[in-house]
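The values are calculated or read from the model by the stated rules, or taken from the named source; none is laboratory data. All values derive from a computational prediction rather than experimental measurement. Neighbour counts are summed over all protein chains in view; Cβ atoms, including those assigned to glycine, are modelled from backbone coordinates with ideal geometry. Only protein heavy atoms, including side chains, enter the accessible area calculation; ligands, DNA and RNA are left aside. Shrake-Rupley method; radii C 1.70, N 1.55, O 1.52, S 1.80 Å.
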Amino acid sequence: MGIAERREREREARRRAVLEAARGLLLERGFTGTTTKLIAERCEFSEATLFFYFQSKDEILVSLLFEGIEFWSRGLRRIEALDLPAEQKLLRLWRYFGEVRAEHPEYFHLSAYLAQPRAAENVADEVKAEVMRRSGENFALLAEIVQKATGATNGRLAADLLWGAFLGLMALRDSRGWLGAKSHPSDRELGAALHLLLDGLLPGRARGGGR
């Protein structure tokens, strides 16, 4: 291995270390509590060294966001390729939402953060455009999966309903947990919620079928 190749590998390893540190801090402290100083400390190098790999906290968050978009893309394409009956494909899609939420909750937190006013004001316009392009491709794929499964004339709206319901239920669960109340809906209740949605999305489905 040449010197240039070794340096590039070391650079990539440090960039990955920064992203892992940021990921952990986001879940522990939230966005306002996550600072470049804390990220650098967790990586055991100086803040000045961190800025050699990332110019700002926003750049770190956007890198995590792109990582999440690519993760979603791979998963949605796997689901699209499955040869399943309509209801089973929608059930698999719903379970996938839950799997990503359990494995990478930071992707959901990033989405919620970007929905806040002025959250992306320090992100370059060309970066925001690329985020919109890539995430738009993912949502178009989600809408296509839902449309083919449901026969809906408006696949985008049906996908909005499915995805929005999941996000809303997760927000309710999180907020109740943060307030010290019992965290619900439970996983079983999430499944029941999906069946309620399917009653409306799938024409001719027996009411409450599959519960």
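The accessible area of residue 78, taken with all protein chains in place and a 1.4 Å probe, comes to roughly 140 Å². Using the Cβ-Cβ distance between residue 127 and residue 153 with R0 set to 25 Å, the FRET efficiency works out to roughly 0.10.
Rounded to the nearest 0.05, the FRET efficiency derived from the C-beta distance between residue 188 and residue 119 at R0 = 45 Å is 0.85. Counted without the sites themselves, the longest stretch of the chain free of GluC sites (Glu not before Pro) in a DSSP loop having at most 14 other beta carbon atoms within 10 Å is 122-211.
What the Cβ-Cβ distance of residue 205 and residue 178 gives, at R0 = 25 Å and to the nearest 0.05, is a FRET efficiency of 0.10.
Taking all protein chains together and rolling a 1.4 Å probe, residue 52 ends up with roughly 130 Å² accessible.
May I ask which residue of 115, 69, 177 lies farthest towards the positive end of the charge dipole of the range 47-203, with charges of +1 (Lys, Arg) and -1 (Asp, Glu) on Cβ and the Cα centre as origin? Ranked along the dipole, the leading option is 177. Label positions at residue 111 and residue 41, each projected 7 Å from the Cα along the C-beta direction, are separated by 3.2 nm. Remark: the chain carries 58 Å² of accessible area per residue (probe radius 1.4 Å; ligands, DNA and RNA excluded). Average 1/r across all pairs of distinct alpha carbons in the range 56-211, invert it, and you get the Kirkwood radius: 16.8 Å. A P(r) calculated from all alpha carbon pairs of the range 1-101, with 10 Å bins opening at zero, reads 13, 34, 24, 19, 9, 1 percent.
Taking all protein chains as they are arranged and a probe of 1.4 Å, the heavy atoms of residue 187 leave approximately 120 Å² accessible to solvent.
Taking 7 Å steps out from each Cα toward its Cβ at residue 31 and residue 70 produces label points 2.3 nm apart. The largest accessible area among 89, 148 belongs to the first residue in 148, 89, and the rest follow in falling order (1.4 Å probe, all chains).
Note on residue 4 and residue 49: the model spin-label points, each 7 Å out from Cα along the C-beta direction, lie 2.6 nm apart. By accessible area, using a 1.4 Å probe on protein heavy atoms only, the chain has 54% of its surface on carbon and sulfur.
Helical runs assigned H by DSSP (4 residues or longer) give the chain a calculated mean residue ellipticity at 222 nm of -26500 deg cm²/dmol, each run adding -39500 (n - 2.57) before division by the residue total.
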